[in-house]
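Here is the structure we will look at.
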Amino acid sequence: MMVTSMKLATLCLHGARDGNNTTGALTVPIYQSATFAHPAVGRSTGYDYTRIQNPTRQALEELVTKLENGVDSLAFASGMAAMSALMELFNPNDHIVASNDLYGGSIRLFRNISQKNGLTVEYIDTGNISALKAALRPETRAVFIETPTNPMMKITDIAAVRSVLPPEISLIVDNTFLTPYFQRPLDLGADLVLHSGTKYLSGHNDTLAGFLIVADTRIAEKLREIYKTIGAILSPFDSFLVIRGLKTLPLRLEKSQTNAQILAEWLTKQPKVTTVYYPGLPNHPGREISLRQATGFGAMISFEVDHEETAKNILENIKLILYAESLGGVETLITYPILQTHADVPKEIRESLGLNNRLLRLSVGVEDVEDLIDDLSQALSIN
Ligand SMILES: *Cc1c(COP(=O)(O)O)cnc(C)c1O
């Protein structure tokens with residue numbers, strides 16, 4: 001079957017191909033070579049030096065390009081490496097409008113590095129289209145969003161944002177939370193997609209990776225130039241691990257999402273839980289848009305408890321769920337955004353979002369959900 005006609009779940013399994021396979025090996029080998037010998041003067045096998053391209057990484061990139069329906073994708077050493085390379089597309093005095101509820105590391109990069117390089121980043125609620133229109137300036141070059149956002153799980157209508165942007169303003173979507181299995185931003189009009197491949201794409205809490213997926217060949221060429229110049233590339237071994245992780249992306253996400261829906265509903269019934277943020281709950285304000293633009297709600301839940309003490313008791317008494325940074329792996333993790341992922345976000349922004357010391361974030365894994373409920377139940381019962 002032609003790779004391009006496969007459905008996404010099949011593509012995840014069969015979409016990574018080694019163009020040089022004469023052995024019948026089922027998996028793409030780890031081409032652990034820094035450099036490649038030339039067959040003749042002025043000729044190349046297609047590979048010269050692994051910073052520029054490597055066959056294992058290329059197989060992964062081609063697969064990710066198809067999953068997100070782009071024209072090219074670049075695999076980086078981490079999500080933040082991808083983000084740093086992305087910012088090299090911009091020039092001093094460019095203005096970027098960003099969601100006010102983003103991964104903390106993205107905000108840190110904007111504040112500590114982009115700003116020093118002369119870029120201005122303005123944070124707004126990108127779910128509010130009139131606020132977005134009002135924020136645009138003649139020097140605006142990009143709008144950067146997450147949907148759902150991290151950690152408040154707010155939804156932005158991707159197609160509606162695109163419809164109010166002139167063509168010269170790029171729409172960039174960090175699609176880490178939903179992955180192309182549930183949401184394909186390029187199909188909704190976005191120009192660039194960013195991923196922390198550390199999360200669902202690799203999926204086992206064992207590898208760091210990042211991706212940029214591009215819809216336009218001109219931007220792809222610029223990024224390839226930046227990529228080989230900066231050198232924050234994904235290694236052949238880590239490329240292999242992400243290819244392996246992607247094989248089960250649909251299975252993992254389906255199971256995690258089923259667990260997340262059950263847990264979110266259970267959490268709403270717990271006396272010490274005051275608010276549950278999950279787009280799959282009937283009262284979530286972004287639910288309708290979610291249903292329109294995505295095929296799933298994902299497996300990330302944030303919830304607020306009655307007191308700071310309750311939050312601390314949960315973190316110190318959970319036994320199965322792990323109190324750890326990160327998300328998107330097979331193991332369920334709980335984080336305390338105010339002290340971990342969002343510690344560097346300015347206090348004013350945190351407070352305006354409701355990101356307080358009673359907020360916890362769950363990345364729901366693929367365990368038996370009853371064990372997860374039992375664990376949270378015993379941790380919540382501690383006074
Ligand atoms: C983790 C994360 C990043 C950063 O990725 P790393 O792989 O940790 O560098 C960026 N965006 C989101 C939404 C993330 O969750």
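Read-outs throughout are calculated quantities, based only on the coordinates presented, and are distinct from any laboratory measurement. All values reported here derive from a predicted model rather than from experimental measurement. Quick reminder, even Gly has a Cβ in these numbers, built from the backbone with ideal geometry, and neighbours come from all protein chains shown.
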Residue farthest toward the positive end of the dipole of the range 242-348, with Cβ of Lys/Arg at +1 and Asp/Glu at -1: which of Asn313, Leu246, Ala299?
Leu246
What percent does the relative contact order of the chain come to when contacts are Cα pairs within less than 8 Å and at least six residues apart?
17 percent
Would you mind checking the pairs Lys154/Lys199; Lys116/Lys347; Lys154/Lys247; Lys133/Lys154 and listing those with alpha carbons more than 23 angstrom apart?
Lys154/Lys247
Bridge type composition, the chain - antiparallel percent by DSSP, nearest 5:
55 percent
Please return the longest stretch of the chain lacking exposed loop sites, where trypsin sites (Lys or Arg not before Pro) count only if DSSP places them in a loop and at most 10 other Cβ atoms lie within 10 Å.
117-268
R0 = 41 Å: FRET efficiency of Leu322 with Lys222, Cβ-based, nearest 0.05?
0.55
Among Ser130, Leu263, Phe76, whose Cα sits farthest toward the positive end of the charge dipole of the chain (+1 at Cβ of Lys/Arg, -1 at Cβ of Asp/Glu, about the Cα centre)?
Phe76
Only four residue types carry charge here, +1 at the Cβ of Lys and Arg and -1 at the Cβ of Asp and Glu. Report the dipole size of the chain about the Cα centre in Debye, rounded to the nearest 20.
720 debye
What's the center-to-center distance, using Cα atoms, between the range 7-43 and the range 222-286 in Å?
27 Å
Normalised by the residues of the range 257-383, what does the relative contact order come to in percent, with Cα pairs under 8 Å and at least six apart?
30 percent
Antiparallel as a % of all DSSP beta bridges within the range 249-380, to the nearest 5?
85 percent
How large is the helix-only mean residue ellipticity at 222 nm for the chain, computed as the sum of -39500 (n - 2.57) over DSSP H runs with n ≥ 4, divided by its residue count, in deg cm²/dmol to the nearest 500?
-10000 deg cm²/dmol
Extending each Cα 7 Å along its Cβ direction at Thr10 and Gln378, get the distance between those two points in nm, one decimal.
4.6 nm
Looking at the range 96-172, which GluC sites (Glu not before Pro) are DSSP coil and have at most 10 other C-beta atoms within 10 Å of their C-beta?
Glu168
Once you put a point 7 Å from the Cα of Asn21 and another 7 Å from the Cα of Leu339, both along the Cβ direction, what distance in nm separates them?
4.7 nm
Efficiency by 1/(1 + (r/R0)^6): what FRET value for Asn283 and Arg111, r their Cβ-Cβ distance, R0 = 41 Å, to the nearest 0.05?
0.75
Translational diffusion coefficient of the chain at 37 °C, 0.692 mPa s, Stokes-Einstein with Kirkwood Rh over Cα pairs, in µm²/s as a whole number.
152 µm²/s
Starting from 0.36 nm per residue, how many nanometres of slack lie between Leu136 and Asn91 once their C-alpha separation is accounted for?
14.5 nm
Compactness relative to 2.2 N^0.38 Å, alpha carbon Rg of the range 249-380:
1.01
Length gained when the stretch Arg51-Ala159 is fully extended (0.36 nm per residue, less Cα-Cα span):
35.3 nm
Using alpha-carbon positions, the gyration tensor of the range 67-168 gives root eigenvalues a ≥ b ≥ c; with a/c under 1.5 called rounded, otherwise prolate if a/b exceeds b/c, else oblate, the class is rounded
Could you tell me the relative contact order of the range 227-291? Use alpha-carbon pairs under 8 Å, at least six residues apart, and round to a whole percent.
15 percent
